[in-house]
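One structure is given here, and the rest of the page talks about it.
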Amino acid sequence: MMKPAEPRRAPHLSAERAAGGLVQTAPGAGLLSPERRTQLLRWYEQMLLIRRFEEAAAEMYTRAKIGGYLHLNIGEEATVVGAIDALEPQDYIFSNYREHGHAIARGVDPRKIMAELFGKETGTSKGRGGSMHIFDIDKHFMGGYAIVGGAIPLAIGAALAIQYRSSDAVVLSIFGEGATNIGAFHEAANLAELWHLPVVMLCVNNLYAMGKRVEEDSAVTEMWRKACAYDMAAERVDGMDILAVHEATTRAVDRARHEHRPTLLEAVTYRYRGHSMADAGAYRTAEEIEEWRRRDPIVSFQQKLEEAGLIDAAQREQIEARVEQEVAEAVRFAEESPFPQVSSLYDYVYCEPGHTQEAGTGA
Ligand SMILES: Cc1ncc(C[n+]2csc(CCOP(=O)(O)OP(=O)(O)O)c2C)c(N)n1
């Protein structure tokens, strides 16, 4: 009998290699101009807010204030803020279970997000959804999904609805590199290109799907190349560089809005912590994590802002104090909010007869 072939091993993707060949932006590229100062400082503050929110959530989890699963995206903040700030209010977002930051960047109230993590009545889903199911129809934030790749066809369906209604909205579908090995990704990508749907498929490649490195679970280790199977536009950016992510997402959003063509956008980044709070991350080395931390998206952006003279120490301290206060307020609000009444156990399970949800009519 033939011996099965040894599994193919792609070379280890280091932080340096991952960044090599990606779209890089540097001060002087016109992006760090004083005219854009307000926007750039907002990005800095949002990334910091998301980082501190996630750190507070981790602490609350260890204090058993938060139950169930908790997936943090510390380290990935540039992919979050850079991509979401390229959207307009009429656009829609579908994310996965690593979505607290996406909701914050979209303008969902951090107090309501923390309350949802605590399972409280004041949460975005009235405490019924928890960490993986943040949802806010007013902000066109369509969730929060637990099934890997499961939200991609939903996002494509929303894009089809947008096309059907001749609206100019765009859908941002966010998923990890592991999700590109799921059948639903391929079905969705095929239909998106075939039907010219206004969708940006943002693959946040943090190099790991739970404990599996991308080289161990994907025959193609550069996710953007998977678009060629569907003749779709594709781009790969440095996901640690918010300027690069924002530029590339803006290009993809423009293509979706004005040319009605989808894009597969890959942002290469790294999650510093385990897959979820239940994962100690023993499958990777401290050196590897340290290597990526040296390219931290918030610290490197802060340095760029300083070099361009757009922020000084006093302004930084002001931003940090504001962020800390906002996170403390979110935790306090969640702590003080009530749990849902037991008598409401069967509420929100089914729609009321005759009730029509106007979700998405803005599209
Ligand atoms: C269909 C399905 N299979 C397996 C799981 C268990 N699971 C949860 S997250 C995950 C890894 C997904 O990795 P990736 O898509 O790269 O996203 P990341 O968690 O790295 O952000 C797996 C296998 C699941 N939730 N759904």
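Which helices (runs of 4 or more DSSP H) does region 31-121 wholly contain that include 3 or more residues that are more than 12 Å from the chain's Cα centre (by Cα)? Let's see the steps before the verdict.
On the way: elements: 37-62, 77-84, 100-105, 110-117.
The helices (runs of 4 or more DSSP H) meeting that bar are 37-62, 110-117.
Quick one: is Val299 within 30 Å of Glu187 (Cβ to Cβ) and at pLDDT 95 or above? So that I can check it myself, show each step before the final result.
Working: within 30 Å of Glu187 (Cβ to Cβ): no; at pLDDT 95 or above: yes.
No: the conditions fail for Val299.
Listed residues Arg261, Arg257; which is part of a loop (DSSP other than H, G, I, E, B), away from the ligand (no atom under 16 Å from the Cβ), over 20 Å from the mean Cα position of the chain (by Cα) and not aromatic (Phe, Trp, Tyr)? Break it down stepwise before answering.
Working: Arg257 fails: part of a loop (DSSP other than H, G, I, E, B).
Going through Arg261, Arg257 in turn, just one is part of a loop (DSSP other than H, G, I, E, B), away from the ligand (no atom under 16 Å from the Cβ), over 20 Å from the mean Cα position of the chain (by Cα) and not aromatic (Phe, Trp, Tyr): Arg261.
Considering only residues of region 226-242 that are farther than 20 Å from Ala256 by Cβ and not β-branched (Val, Ile, Thr), which is surrounded by the fewest Cβ atoms within 10 Å (Cβ to Cβ)?
Initially, region 226-242 is screened for residues farther than 20 Å from Ala256 by Cβ, giving 238, 240-242.
Filter once more, keeping what is not β-branched (Val, Ile, Thr): 238, 240-241.
On the way: Asp238: 25, Met240: 29, Asp241: 28.
Among them, the one singled out is Asp238.
Output yes when any residue across region 305-328 is in contact with a His (Cβ under 9 Å, 6 or more places away or on another chain), assigned to a loop (DSSP other than H, G, I, E, B) and on the phi > 0 side of the Ramachandran plot, and no when none is. Step through it out loud before you land on a result.
Looking only at region 305-328, we keep the residues that are in contact with a His (Cβ under 9 Å, 6 or more places away or on another chain), and these are none.
No, the conditions are met nowhere in region 305-328.
Only one residue in Tyr92, Tyr61 is surrounded by 23 or more Cβ atoms within 10 Å (Cβ to Cβ) and either at pLDDT 95 or above or touching a strand residue (DSSP E or B) at 6+ places or on another chain (Cβ under 8 Å) (or both), so which one is that?
Values: Tyr61 fails: surrounded by 23 or more Cβ atoms within 10 Å (Cβ to Cβ).
Result: Tyr92 is the single residue among Tyr92, Tyr61 that is surrounded by 23 or more Cβ atoms within 10 Å (Cβ to Cβ) and either at pLDDT 95 or above or touching a strand residue (DSSP E or B) at 6+ places or on another chain (Cβ under 8 Å) (or both).
How do the pairs read when you match residues in region 239-253 that are farther than 24 Å from Arg293 by Cα and of a type in the set (Val, Ile, Thr) with residues anywhere that are modelled with pLDDT under 95 and surrounded by fewer than 24 Cβ atoms within 10 Å (Cβ to Cβ), using Cβ under 9 Å and keeping only pairs 6 or more apart or on different chains?
none
Being in a helix (DSSP H, G or I) and within 8 Å of the ligand (Cβ to nearest atom) is the filter; apply it to region 175-194 and report the residue that is farthest from Glu99 (Cα to Cα).
The first filter runs over region 175-194 and keeps only residues in a helix (DSSP H, G or I), leaving 177-181, 183-194.
Now drop any that are not within 8 Å of the ligand (Cβ to nearest atom), which leaves 177-180.
Details: Glu177: 15, Gly178: 16, Ala179: 15, Thr180: 18 Å.
Ranking the candidates gives Thr180 first.
Of all residues in region 195-206, which are in a loop (DSSP other than H, G, I, E, B) and either more than 9 Å from the ligand (Cβ to nearest atom) or farther than 21 Å from Ile147 by Cβ (or both)? Please lay out each step first, then the result.
Our first condition is that a residue be in a loop (DSSP other than H, G, I, E, B); within region 195-206, this holds for 195-198, 206.
Hits for region 195-206 are Trp195, His196, Leu197, Pro198.
Considering only region 139-174, state which residues are away from the ligand (no atom under 16 Å from the Cβ), touching a residue at least 40 places away in the same chain (Cβ under 8 Å) and in a loop (DSSP other than H, G, I, E, B).
Once the filter is applied, which keeps residues that are away from the ligand (no atom under 16 Å from the Cβ), touching a residue at least 40 places away in the same chain (Cβ under 8 Å) and in a loop (DSSP other than H, G, I, E, B), region 139-174 yields His140, Met142, Arg165, Ser167, Asp168, Ala169, Val170.
Just need a number here: residues in region 56-89 that are without any contact (Cβ under 8 Å) to a residue 40 or more places away in the chain and away from the ligand (no atom under 13 Å from the Cβ).
First, pick out the residues of region 56-89 that are without any contact (Cβ under 8 Å) to a residue 40 or more places away in the chain: 59, 63-64, 80.
Add one more test, that the residue is away from the ligand (no atom under 13 Å from the Cβ), and what stays is 59, 63-64.
Final tally of qualifying residues: 3.
Here are the criteria: (1) surrounded by fewer than 23 Cβ atoms within 10 Å (Cβ to Cβ); (2) within 16 Å of the ligand (Cβ to nearest atom); (3) of a type in the set (Val, Ile, Thr). Tell me which single one Thr250 does not satisfy.
Checking Thr250 against (1) surrounded by fewer than 23 Cβ atoms within 10 Å (Cβ to Cβ); (2) within 16 Å of the ligand (Cβ to nearest atom); (3) of a type in the set (Val, Ile, Thr), the one that fails is (2).
How do the pairs read when you match residues in region 92-103 that are more than 10 Å from the ligand (Cβ to nearest atom) with residues anywhere that are among the basic types (Lys, Arg), using Cβ under 9 Å and keeping only pairs 6 or more apart or on different chains?
What qualifies is Ile93/Arg106; Ile93/Lys139; Gly101/Arg51; Ala103/Lys112; Ala103/Lys139.
The values are calculated or read from the model by the stated rules, or taken from the named source; none is laboratory data. Just so you know, these numbers come straight off a predicted model, no measurement behind them. All Cβ positions, even for glycine, are placed from backbone atoms using ideal geometry, and neighbour counts span all protein chains on display.
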